[in-house]
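Have a look at the structure below, then the notes.
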Amino acid sequence: MPSSAPSTYKISVLTGIAIVVANMVGTGVFTSLGFQVADIQSGFALLMLWGVGGIIALCGALSYGELAAAMPRSGGEYHYLSRIYHPAVGFLSGWVSSTVGFAAPTALAAMALGRYAQSVWPAVSPVGMSIGVVLALAAVHMSSRQAGSRLQVLITALKVLVLVSFIGVGLAVASPQAMHFAPRTSADWGQLLSPAFAVSLIYVSYAYSGWNAAVYLTGEVHQPQRNLPRILLVGTIIVLLLYVGLNFVFLYSTPISALKGQLEVGFVVATTLFGPTAGRVMGGAIAVLLVSTVSSMIFAGPRIVQVMGEDLPALRPLARVSPKGIPVRATLFQTALTLLFILTATFEQVLLYAGFVLSLFTFLTVLGLFVLRFRQPRLPRPYRAWGYPVTPLLFLLLNGWTLWFIAGSKPWETLYGLGTLAVGLLVYFVGQRLGHQPQASSQS
């Protein structure tokens, strides 16, 4: 059995909100606009992308809030899907979360951090910087849950302060571009139903991914049935406001031609607004802010592997925790995967691949809200999803529409995602057989 001597320290509402905000505000908002403007030039459609993405995240957070309150245990989708559908489905979601859902976005945030750092200090090795930050933050989170929580609140507060300041100063000094943010023709509305909008929505959905981060730490949150829904909703609303404000400043201040195809969107906009020197300073600030994103994912992700190890004999060694209640082995496992992504994959491939697979399991989880209400109507639900059934149905409609277009327009990324699921299914059944073998031999 895993050794557990849990710490008495519990994650507060403030820390939980900080984890959600830090998970969400990271790589996507500073990098994805350059890909979106390649196919969409309407200011109205581009801002609507971020508004629709925020609505999807908010509807998802409302749905997850009910599931988290009804089934208060760490592990997120792994725990929910195991109970709602079948342990194999839960394992696959945990497999995706541990191999793709946290390791890949952590790698993306670290890679973006390295690129932004190099834009300020050309002598810096982006890969070396990425690896160094991941290892340093993993060491902090493996040493103390309390130290990790305090670090998370501090750097997330700094992140929000810098972004709000950037929005305010940007609006004050920007030279307005010839772009309209209100619909003027039927073509503006038509773009909202185009394949390009749906594909771009996967970038936006990735930027919003992380709204469910706190559910992976349910068992460590103070009064989770009361506080988790509050954490999910407040964190998501904060990020929605930040994202719409940031992208308005990006598009209001900088020509689309300068943004198209650029990864370091924040650096390009800051250079346009404040000049080369101040632009480099802002690029450095964004690199520092991405530390918060890397930190939050290293904090939350290993809890999935830990819970899976508690349930599956083949993964039992990864469930062991330190005397302080920290899943050190699971953290080392996720860190190793993160470093593998940094060293072997390109940014855009990882982003689309991760976005497709993660959207698939959030779709199944929100669908599970209906299944659970039908199968277990008397299950205690301290919190019920506001707007049910409209809000979860809206999430399923928009998320399913995006997945459909991604499967059609990005077949390789889709196949990579399905291949990951096939490997996970193989691991599950092999693990099940290995887990039952000792019992069979002892009985014979």
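The values are calculated or read from the model by the stated rules, or taken from the named source; none is laboratory data. Here the structure is a predicted model, which means the values were calculated and not measured. Reconstructed Cβ throughout: ideal geometry from the backbone, glycine too, with neighbour counts over all protein chains shown. Please note that ligands, DNA and RNA were not included when accessible areas were found on the heavy atoms of the full protein model with its side chains. Shrake-Rupley method; radii C 1.70, N 1.55, O 1.52, S 1.80 Å.
Could you compute how fast segment 167-280 diffuses translationally, taking Rh as the Kirkwood radius over C-alpha pairs and applying Stokes-Einstein at 10 °C with viscosity 1.306 mPa s? Give it in µm² per second. Spell out each step's value before the answer.
On the way: Rh = 16.9 Å.
Estimated diffusion coefficient is 94 µm²/s.
Per residue of segment 300-308, in order, report the coupling 6.51 cos²θ - 1.76 cosθ + 1.60 (Karplus, θ = phi - 60°) as ³J(HN,Hα) in whole Hz, putting x for Gly and Pro.
7, x, x, 5, 5, 4, 4, 5, 4
Tell me which residues come under 5 Å, amide H to amide H, from Ser322 once H is placed; ignore anything under 5 positions away on its chain.
Here the answer is Val328, since their amide H atoms fall under 5 Å of that of Ser322.
Measure off, as a whole percent, the carbon and sulfur share of the 1.4 Å-probe accessible area of the chain, all protein chains present.
Numbers: 11820 of 17260 Å².
Taking all protein chains in place, the chain shows 68 percent carbon and sulfur surface.
Could you state the angle between the C-alpha long axis of helix 13-24 and the longest principal axis of the C-alpha atoms of the chain, as a value from 0 to 90 degrees rounded to the nearest 10?
Roughly 60 degrees, rounded to the nearest 10.
Quick one: how many lysine pairs does the chain have with C-alpha atoms less than 27 Å apart and a gap of 8 or more or different chains? Give me the count, please. Don't jump to the answer; show the numbers that get you there.
Working: Lys10/Lys159; Lys10/Lys324; Lys159/Lys260; Lys260/Lys410.
So the count of such lysine pairs works out to 4.
Hey, what do the phi angles of segment 164-173 turn into as Karplus ³J(HN,Hα) couplings, whole Hz, using 6.51/-1.76/1.60 and θ = phi - 60°, x for Gly and Pro?
4, 5, 4, 4, x, 5, x, 5, 6, 9
Could you please state, rounded to a whole Å, how far the C-alpha centre of segment 91-148 is from the C-alpha centre of segment 22-81?
20
Could you rank Asp39, Asp311 by how accessible they are, 1.4 Å probe, largest area first? Intermediate results must be reported in sequence, preceding the final value.
Working: Asp39 100, Asp311 70 Å².
So the residues, ranked largest to smallest area, are Asp39, Asp311.
Skip the ligands, DNA and RNA, and give the accessible area per residue of the chain with a 1.4 Å probe, whole Å². Write down the numbers at each step before the final one.
Values: 17260 Å² over 444 residues.
About 39 Å² of surface per residue is accessible.
Give the long-range amide H neighbours of Ile11: residues separated by 5 or more places, or on another chain, with amide H under 5 Å away, using H modelled in the peptide plane at 1.01 Å from N.
So Ile11 has HN proximity to Val221, His222.
With +1 assigned to the C-beta of every Lys and Arg and -1 to the C-beta of every Asp and Glu, and no other charges, what is the dipole magnitude of the chain about the Cα centre in debye, to the nearest 20? Write down the numbers at each step before the final one.
Details: 24 positive and 10 negative charges, 226 e Å.
With Lys and Arg at +1 and Asp and Glu at -1, about 1080 debye.
Place +1 on the Cβ of every Lys and Arg and -1 on the Cβ of every Asp and Glu in the chain, take the dipole about the Cα centre, and give the residue among Leu154, Tyr416, Ser32 whose Cα lies farthest towards its positive end.
Value computed over the given set: Leu154.
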